[in-house]
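The values are calculated or read from the model by the stated rules, or taken from the named source; none is laboratory data. What you are looking at is a predicted structure, and each value in this text was computed from that prediction instead of being measured. Cβ placement follows ideal geometry from the backbone for every residue including glycine, while neighbour counts extend to all protein chains displayed.
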Amino acid sequence: MTGLILKIILAIVVLRLVWRFTRGVLEGAGYFQAPASSVGLVRDPVCGVFVVPTRALTSGNGAETRYFCSEKCRTEWRRK
């Protein structure tokens, strides 16, 4: 019985390895596309930290919008 369970586990592992290898080859050939998960970041003009625009604090609008990592940086920028 133990031998059967070990053979089943080994078969599952081998099938997963084969599937991952096949999927990688097909992605490399252009048949599958990996999901795009990158997000454009903006740089805080005061401390230089990169932040996600949707989570950053802002000042200004339109082309003059500045993105900040914290209230401290935004306050310092407004003092200038």
Exercise. Just wondering, is there one or more residues in the range 17-29 that are among the aliphatic types (A, V, I, L, M) and modelled with pLDDT of 95 or more?
Worked result: yes
Exercise. Is one or more of the residues making up the range 34-47 among the charged types (D, E, K, R) and under 25 Å from the mean Cα position of the chain (by Cα)?
Worked result: yes
For this session: Would you check which residues across the range 1-47 are under 30 Å from S59 (Cα atoms), surrounded by 10 or more Cβ atoms within 10 Å (Cβ to Cβ) and of a type in the set (V, I, T) and list them?
Result: V42, V46
